[in-house]
Amino acid sequence: MSFNSYGDRITVTLFGESHGKSIGAVLDGLEAGVEIDTEFINSQMEKRRAKGKISTKRNEADKVNIVSGVFDGKTTGTPITVIIENEDTKSKDYSKMKSLARPSHADYTGFIKYKGFNDYRGGGHFSGRITAPLVAVGAILIKYLMSRGIYICTHILECGGIRDREFNNLDEDYKKLSRCEFAVLDNIAEEKMKKKIEEAALEGDSVGGILQTAIFGLPAGVGDPWFDNFEGVLAKGLFSIPGIKGVEFGAGFDFARMKGSQANDPFVVENSAVKTLTNNNGGINGGITNGMPVIVNCAVKPTPSIYKEQSTIDFANMENTNIKIEGRHDPAIIHRARVVADSVTAISVCDMLYKGNL
């Protein structure tokens, strides 16, 4: 078992640290002959890039180097390795607090897990920086799914208490989001969210929110009971994204406040296709897709690296102390995380499709 790998038939293995020489991923299991669209990969990487006052000042080029598994622009069927160089690191920002547990970070747990041999700089292997290669390999699979009529899109449903509208017309919403740098469906909500992020930055603080992802074009029948059900497999992937603290499908926790007559999705045949009149179950019944769009929400916590003084411990000396974090940090990660959610979703969907031979 590899603890840094995900998937069964389609697998992704991550490597590298935030302030190491490079980071990367190995994508294995994808069939031969799949066209690699480097322009699309670059456009996906651009969606993750830090921008302006609402992001960190760390400026990485994130040039994706594919060093194996691709020949003459198409996959060979062997493992695809992507490497991204770390070019804008400032490791000295972390040297003086190597044994201080930054609140809500993996400093203490990583120290315990790896017996003090972990790379603490910038969070090391636990850093959100490692999502960059996830986006790179995810882009390959997103494009692969598109060629089969399956589409994935994510928007910021909520940020800093400001709410975007729900998905409405998925075809039109998908087109809009594919062009968006800040992924919202309501332009007024975008301006209000950005203002909330900027205000938090000025206060030395941060904000969180909710990402909403739609998968449409999926056939019915994807997923297996009990432990390889669609929700479970996808949730496992989504929870691997740093900062994701909650995942719900369809109506999610709102089911707790419904009656069965409100929660059930009545079936209907329309133009020789099976559909449901509502989609409270988010396109999934019994852990298996029913052909309706899969809707999943992810709760994204506020960036834990803030500039306010906080209480913590020095775990090397077992003393209580205070910490004031320095360096370059995001006042919100949600706008950069949406393409990561798309990428992990694509990995999960491809894996389940391959397992079902669909």
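Just the residues that are over 18 Å from Lys96 (Cβ atoms) and either of a type in the set (D, E, K, R) or without any contact (Cβ under 8 Å) to a residue 40 or more places away in the chain (or both), please, taken from the range 321-358.
Asp330, Arg336, Arg338, Asp342, Asp351, Lys355, Asn357
I want to confirm something. Restricting to the range 51-97 and keeping residues that are small (Gly, Ala, Ser) and either part of a loop (DSSP other than H, G, I, E, B) or in contact with a strand residue (DSSP E or B) (Cβ under 9 Å, 6 or more places away or on another chain) (or both), which single residue is modelled with the lowest pLDDT?
Ser91
For the range 60-74, what are the residues that are among the acidic types (Asp, Glu) and crowded, with 19+ Cβ neighbours inside 10 Å?
Glu60, Asp62
Is it the case that some residue within the range 290-306 is over 29 Å from Pro331 (Cα atoms), under 20 Å from the mean Cα position of the chain (by Cα), at pLDDT 95 or above and not β-branched (Val, Ile, Thr)?
Yes, because at least one residue in the range 290-306 is over 29 Å from Pro331 (Cα atoms), under 20 Å from the mean Cα position of the chain (by Cα), at pLDDT 95 or above and not β-branched (Val, Ile, Thr).
Name the residue, out of Val135, Val82, that is surrounded by 15 or more Cβ atoms within 10 Å (Cβ to Cβ), among the aliphatic types (A, V, I, L, M), at negative phi and touching a Lys or Arg at 6+ places or on another chain (Cβ under 6 Å).
Step by step, each of Val135, Val82 is checked, and only Val135 is surrounded by 15 or more Cβ atoms within 10 Å (Cβ to Cβ), among the aliphatic types (A, V, I, L, M), at negative phi and touching a Lys or Arg at 6+ places or on another chain (Cβ under 6 Å).
Could you please tell me which pairs satisfy a Cβ distance under 6 Å, a separation of 6+ or placement on different chains, a first residue in the range 71-82 that is farther than 15 Å from Tyr144 by Cβ, and a second residue that is polar (S, T, N, Q) and surrounded by 13 or more Cβ atoms within 10 Å (Cβ to Cβ)?
These pairs meet every condition: Thr81/Ser68.
Could you grab me the full set of residues in the range 29-50 that are over 19 Å from Ser348 (Cα atoms), small (Gly, Ala, Ser), surrounded by 13 or more Cβ atoms within 10 Å (Cβ to Cβ) and modelled with pLDDT of 95 or more?
Ser43
Can you spot a residue in the range 102-114 that is of a type in the set (D, E, K, R), touching a Phe, Trp or Tyr at 6+ places or on another chain (Cβ under 8 Å) and within 30 Å of Glu203 (Cα to Cα)?
Yes, the range 102-114 has at least one match.
Against the conditions (1) crowded, with 19+ Cβ neighbours inside 10 Å; (2) in contact (Cβ under 8 Å) with a residue 24 or more places away in the chain, where does Ala106 fall short? Just the number, please.
(2) is the only condition that Ala106 fails.
In the range 320-358, what residues are assigned to a loop (DSSP other than H, G, I, E, B) and within 27 Å of Ile10 (Cα to Cα)?
Passing the criteria: Gly356, Asn357, Leu358.
Search the range 263-284 for residues being in contact (Cβ under 8 Å) with a residue 12 or more places away in the chain and not in a loop (DSSP other than H, G, I, E, B), and hand back the single one that is farthest from Phe230 (Cα to Cα).
Ala273
With respect to Lys47, determine if the residue is in contact (Cβ under 8 Å) with a residue 12 or more places away in the chain, of a type in the set (Lys, Arg) and within 27 Å of Ile244 (Cβ to Cβ).
Answer is yes for this residue.
Give me the pairs: first residue in the range 140-158 and within 17 Å of Gly29 (Cα to Cα), second residue in a loop (DSSP other than H, G, I, E, B) and of a type in the set (D, E, K, R), beta-carbon distance under 7 Å, and six or more apart or on different chains, which are they?
From the range 140-158, the pairs are Lys143/Asp37.
Looking at Ala214, Ala183, Ala235, which one is surrounded by fewer than 20 Cβ atoms within 10 Å (Cβ to Cβ) and within 16 Å of the chain's Cα centre (by Cα)?
On inspection, the qualifying residue turns out to be Ala235.
Within the range 114-127, identify whether any single residue is surrounded by fewer than 19 Cβ atoms within 10 Å (Cβ to Cβ), in contact (Cβ under 8 Å) with a residue 12 or more places away in the chain and not polar (S, T, N, Q), and answer yes or no.
No, the range 114-127 contains no residue that is surrounded by fewer than 19 Cβ atoms within 10 Å (Cβ to Cβ), in contact (Cβ under 8 Å) with a residue 12 or more places away in the chain and not polar (S, T, N, Q).
Please give the number of the condition Asn86 fails out of (1) farther than 23 Å from Pro293 by Cα; (2) free of Cβ contacts under 8 Å to residues at least 60 places away in the same chain; (3) in contact with an Asp or Glu (Cβ under 8 Å, 6 or more places away or on another chain); (4) not aromatic (Phe, Trp, Tyr).
(2)
In the range 172-209, what residues are free of Cβ contacts under 8 Å to residues at least 60 places away in the same chain, part of a helix (DSSP H, G or I) and of a type in the set (Val, Ile, Thr)?
If the condition is that a residue be free of Cβ contacts under 8 Å to residues at least 60 places away in the same chain, part of a helix (DSSP H, G or I) and of a type in the set (Val, Ile, Thr), then Ile188 is the only one that fits.
When Asn118 is evaluated against the numbered criteria (1) outside any strand (DSSP E or B); (2) more than 19 Å from Ile244 (Cβ to Cβ); (3) under 21 Å from the mean Cα position of the chain (by Cα); (4) polar (S, T, N, Q), which criterion, by number, is the only one it fails?
(3)
Just the residues that are buried (at least 18 other Cβ atoms within 10 Å of the Cβ) and outside any strand (DSSP E or B), please, taken from the range 294-319.
The answer is Pro302, Thr303, Pro304, Ser305, Ile306.
The values are calculated or read from the model by the stated rules, or taken from the named source; none is laboratory data. Quick caveat: nothing in here was measured; it's all calculated off a predicted structure. Neighbour counts run over all protein chains shown; Cβ positions are idealised from the backbone, glycine included.
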